[in-house]
Amino acid sequence: MKRKFKIKDAWRHLAAVVLAVFLGFSVIYSIIRLISAPAVATDGVKHVKSDYALMLIQCCLGLVVMAVPSLIQRRWELTIPNYMFLLYYAFLFCAIFLGEVWDFYHRIPFWDLILHAFSGAMLGALGFSLVSMLNDADNIRFQLSPLFVALFAFCFALAAGTIWEIYEFVVDRILGLNMQKYMLADGTQLVGSAALHDTMEDLIVDAVSALIVSVFGYLMLKRQQKTKKSSTDTQPSPDAED
């Protein structure tokens, strides 16, 4: 059994190394392209300095945030499942390396929405895992209800999605980019609900995927509660044995 866990840990560390290598080379590539790219788009030129600046920021940020789960695990002495690490690394790979470096956001239709659906479900599952670890801890004297766990998982995922939209807004304002799709390709700025369409669409997809995971997790916890209760009721009491 111990050997099996070691193999799982090895896969997790291998995934982290592979992701770090891809992002590291992407940082070097984006710096080189940032230096040589034109500042303004011309005929035959698809990407300008601001595009490679965004790529550089995303890759550097990816190298930083990929260490967050390990830091949380060590800081609060939690045991995050290996599958959550693998899902997290897969999301960073798809969002940063495939999305930004390989330009999947423009090459693949609805790539952004697919990633938001994936991240909402992943963060919802992570919220469930965190609360389940607290429920199973020996030094915690209370048990949270399945409804509260589901609500926490949903809010946790939606809060993370909101933080991402704030990040996009800040980067757009600092670098003059269009991550939130508030203007057209020719530079015309959208107004009203049209300017909010991309942001609200992302948040809605986050909420729907997180809600699905939360409802599914709630039903699983309720089923576990019933199973545990029925097994406890069927056990003979000490008085009956006497």
Checking Leu144, Leu211 in turn, the sole residue that is at pLDDT below 90 and not assigned by TED's automatic domain parsing to the domain that holds Ser70 turns out to be Leu144
If we keep only residues of segment 26-56 that are more than 16 Å from Asp103 (Cβ to Cβ) and of a type in the set (A, V, I, L, M, F, W, C), then the residue nearest to the chain's Cα centre (by Cα) is Val27
* To do: Kindly check whether there is at least one residue in segment 83-105 that is exposed (fewer than 15 other Cβ atoms within 10 Å of the Cβ), over 20 Å from Ala157 (Cβ atoms), among the small types (Gly, Ala, Ser) and not assigned by TED's automatic domain parsing to the domain that holds Thr162.
  => no
In segment 28-87, residues that are touching a residue at least 12 places away in the same chain (Cβ under 8 Å), of a type in the set (S, T, N, Q) and not in a helix (DSSP H, G or I) total 1
Looking across segment 105-122 at residues that are hydrophobic (A, V, I, L, M, F, W, C) and assigned to a helix (DSSP H, G or I), the single one that is farthest from the chain's Cα centre (by Cα) is Trp111
| request: Could you tell me whether any residue of segment 196-205 is hydroxyl-bearing (Ser, Thr, Tyr) and either surrounded by 14 or more Cβ atoms within 10 Å (Cβ to Cβ) or in contact with a Lys or Arg (Cβ under 9 Å, 6 or more places away or on another chain) (or both)? | output: yes
Quiz item: Does any residue of segment 72-79 turn out to be in contact with a helix residue (DSSP H, G or I) (Cβ under 8 Å, 6 or more places away or on another chain) and exposed (fewer than 15 other Cβ atoms within 10 Å of the Cβ)?
Solution: yes
Subject >> Check on Ala41, modelled with pLDDT under 90 and of a type in the set (A, V, I, L, M, F, W, C) >> reply: yes
* Among the residues of segment 135-151, is any without any contact (Cβ under 8 Å) to a residue 40 or more places away in the chain, in a helix (DSSP H, G or I) and touching a Phe, Trp or Tyr at 6+ places or on another chain (Cβ under 8 Å)? -> no
Within segment 174-200, restricting to residues that are assigned to a helix (DSSP H, G or I) and over 23 Å from the mean Cα position of the chain (by Cα), the one that is modelled with the lowest pLDDT is Leu175
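The values are calculated or read from the model by the stated rules, or taken from the named source; none is laboratory data. Since this is a predicted model, take the numbers as computed values, not measurements. A quick note on method: Cβ atoms are made from the backbone with ideal geometry, for glycine too, and the neighbour counts reach across all protein chains shown.
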